[in-house]
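Worksheet: one structure, shown below.
The values are calculated or read from the model by the stated rules, or taken from the named source; none is laboratory data. Bear in mind that the values here come from a model prediction, so they are computed numbers and not experimental data. So basically every Cβ, Gly included, is an ideal-geometry build from the backbone, and we count neighbours across all protein chains shown. Areas reflect the complete protein model, heavy atoms only, side chains present, ligands, DNA and RNA absent. Shrake-Rupley method; radii C 1.70, N 1.55, O 1.52, S 1.80 Å.
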Amino acid sequence: MAGTVEVENARGAASEASSWFVLGVLNAGFVALLTRAPGAAARAATELGDLGLFSALGLLCGLARLGASTLTAQLSLRPALAALASWPIFTLAAYWVFKEDLSNFLERMRLPAWLPARLLLSSALAAGYVVFRQLTRRARGMVLPWVAIGAALGLVAANNLLLPVDYPGAHLLLAACAARLAELFTAFVSDGLAPRVALRTVGLSLAAPALGLAFLATPAVLQRLLRVPGSVVPPLLLPLLGQEHALGASWSKQQFPSWFQIAESRDAIPPSGSQLLDRDSLVIFLTIDALRADVVAAREHDDLLPELAELREQSVRFRRARSPSPSTLTTVSSIFSGRYYSQLYWVKKGDSVLPDQDQSPRWPALLAEKQIRTVQVVAVRGLSANTGVGIGFDTEVKTRKDYGPAGEVMDKLLEQLEKPARAGAFLYAHFVDSHAPYTLGGRKGSPFERYLAEVALVDRELGRLRNYLKERDLARRTLLIVSADHGEAFGEHGLNHHAQSVYDELLRVPLLMASPKLAPRDIDAEVSLIDIGPTVLDLFQLPTPGNMMGQSLVPLLSNRPFVPRRPIVADSGRRIQALIFPDGVKAIRDLHRNTQEVYDLRQDPGELTDRSGDPEFPSQRYTAGLAAFFEQHTLRKPGWEPPWRKF
């Protein structure tokens, strides 16, 4: 009898281990789809590495199950009692795996992430998993094996499509449930074999691929797999990964020395001397939430967006403009401070991360010091002065409620235009109507169609402003700047909305500048919204502080030579950073997940082929240059580092 129990325990352990191997096979298609590894060898190494990591995890799970079942048999515990005894163990495991997930979830629910709350949720998750294991144990022999493997494949697909950036613990739990379903299939196969044959061929044969294939998971492979949500092992290995910062950094510093000058030590940059504006001119800067560059550049939406279409034809159009961040609050902070996220002092407050203690000067305050009237119309409370974002304006006018509608924003902007300026004026407003869930313009159509309908709401208000300027004879002395805080994703790179990446669908924004003194034309130079501050200061004949990272675009507006002194950089609050080199190569690093990517935008504008693991491409030169840039330009205070903004 004892021998039969031992064989059954070994069979169960082998079935558990092989189920994770099957899970790796099911995940292979998503690895191929999501990693975009360069070259057949890199793709093969990535797929085999993922399979090996799943197999290694399965081997550990199988050994743990063998030990637990052996102990249960020795103590003569009934299955239900053994399951109850395993609950505390699963609770501790869940707490360790879900630490970040639980804090993230509680903060999103605006609840304190206290230890008792996290333990309670860990206990609930553990209980759910124990019950699920018991149900699948009872289902053995009752559920058709092909139904079980189909359900496992469905869970694998969901694991790769849902929550693609956050919640690594949740992905591991979903994979464990999928493996449990796959075990119904592997157990069916195992039952068809003689016990000893099953033990030797199914159990022992998995040890070699588990160890051998896991060896193929080199750091480059692991970094690619970290971008596959359903590859649940690499996040557990993050402490073993490292970033190489030194190699290639010297190349960047030699090629682009101005990039690496200490910002605080640089002299102020005098105005360029171009007389594009008079001292009594108006500069109106408008940003439209999540407005993609291609929505304005393409003419297919002109009927729906007639004001933007007409403004486009009457403006200087910067065709290669990018935002310094893929989310609103961080972008606006960078625009008005002239500094990137990593250079500002951010402090976690409840479920928010704010720069309200940052001491960096804001350029609207520099305008105000020279008697230039400055006004901000606040539709989003997070952009107001008390959060540390909208600091330095003379006047701050808020909508009645947070996320105020475009009509009210324009009402308040026009009211401010009625008031006389002392010596010119700068007015800023952000329109948030085109933000997800895209319901303000109607609930019919695809998400993109509903999004365009929301942009049309802002387009209508833009028409009100332009008509007002003409009727009051203000257009002749007004420079109107229209842009966006960031772009928006609609399935590109498997993502939707914004904030989750620094791919170009989130960074590319329209940038239109219209004035009677500017001839409409296209400008192809690479520019950034962090250049807005130096540009406005220059237009008002004021110097740009040396510690601001942007560069005045007035020479481009004046058809004068323009030599870039800064790279195009993105710095996300999610600790994802990017730098675009003059040769069109874009390097990306994710400090939270410890991944690196490199894209040749001239050959691959859609950022579909990651060259970071390509032996024929000098990717290390670019990733090291990116690292060196932020090594130079990151704020440092004892015991502090830039926090990770979850949203």
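All conditions in (1) basic (K, R); (2) at pLDDT below 95; (3) under 29 Å from W644 (Cβ atoms) hold for R508, with the sole exception of (2).
If I ask for residues that are of a type outside the set (G, A, S) and surrounded by fewer than 20 Cβ atoms within 10 Å (Cβ to Cβ), which ones from the range 634-647 would you list? Selection gives T634, L635, R636, K637, P638, W640, E641, P643, W644, K646, F647. A175: more than 28 Å from D614 (Cβ to Cβ), under 30 Å from the mean Cα position of the chain (by Cα) and modelled with pLDDT of 75 or more, yes or no? It is true that A175 is more than 28 Å from D614 (Cβ to Cβ), under 30 Å from the mean Cα position of the chain (by Cα) and modelled with pLDDT of 75 or more. Among residues of the range 548-565 that are basic (K, R), those with a beta-carbon under 8 Å from a residue that is open to solvent by 20 Å² or more (accessible area, probe 1.4 Å) at least six positions away or on a different chain give the pairs R560/S272; R565/S258. For the range 251-276, name all the residues that are open to solvent by less than 70 Å² (accessible area, probe 1.4 Å) and in a helix (DSSP H, G or I). Once the filter is applied, which keeps residues that are open to solvent by less than 70 Å² (accessible area, probe 1.4 Å) and in a helix (DSSP H, G or I), the range 251-276 yields W251, S252, S258, W259, F260, A263.
Could you list all residues from the range 104-120 that are assigned to a helix (DSSP H, G or I) and either open to solvent by 50 Å² or more (accessible area, probe 1.4 Å) or at pLDDT below 70 (or both)? Quick ask: steps written out before the conclusion?
Step one: filter the range 104-120 for residues assigned to a helix (DSSP H, G or I), giving 104-108, 115-120.
Result: N104, F105, L106, E107, R108, L115, P116, L119, L120.
The set of residues from the range 8-43 being closer than 24 Å to E492 by Cα, assigned to a helix (DSSP H, G or I) and of a type outside the set (S, T, N, Q) comprises L26, A28, G29, F30, V31, A32, L33, L34, A40, A42, R43.
For the range 372-383, does any single residue satisfy the condition of being without any contact (Cβ under 8 Å) to a residue 40 or more places away in the chain and outside any strand (DSSP E or B)? Yes, some residue in the range 372-383 is without any contact (Cβ under 8 Å) to a residue 40 or more places away in the chain and outside any strand (DSSP E or B). Evaluation of T535 against the conditions (1) among the polar types (S, T, N, Q); (2) closer than 30 Å to K348 by Cβ; (3) at pLDDT 95 or above shows that the sole unmet condition is (2).
The residues of the range 326-352 that are in contact with an Asp or Glu (Cβ under 7 Å, 6 or more places away or on another chain), open to solvent by less than 10 Å² (accessible area, probe 1.4 Å) and over 16 Å from G390 (Cβ atoms), listed by number, are Y340, Y341, S342. Taking the range 373-388 as the search range and keeping residues that are open to solvent by 10 Å² or more (accessible area, probe 1.4 Å) and touching a Lys or Arg at 6+ places or on another chain (Cβ under 9 Å), which one is nearest to L354 (Cα to Cα)? Looking at the filtered set, the residue picked out is T387.
The residues listed here are R299, R279, R292; of these, the one that is open to solvent by 10 Å² or more (accessible area, probe 1.4 Å) and either hydroxyl-bearing (S, T, Y) or within 24 Å of the chain's Cα centre (by Cα) (or both) is R292.
Consider S205 carefully, then state whether it is modelled with pLDDT under 65, open to solvent by 50 Å² or more (accessible area, probe 1.4 Å), in a helix (DSSP H, G or I) and not aliphatic (A, V, I, L, M).
yes
Among the conditions (1) surrounded by 14 or more Cβ atoms within 10 Å (Cβ to Cβ); (2) at pLDDT 75 or above, the only one that L33 does not satisfy is (1).
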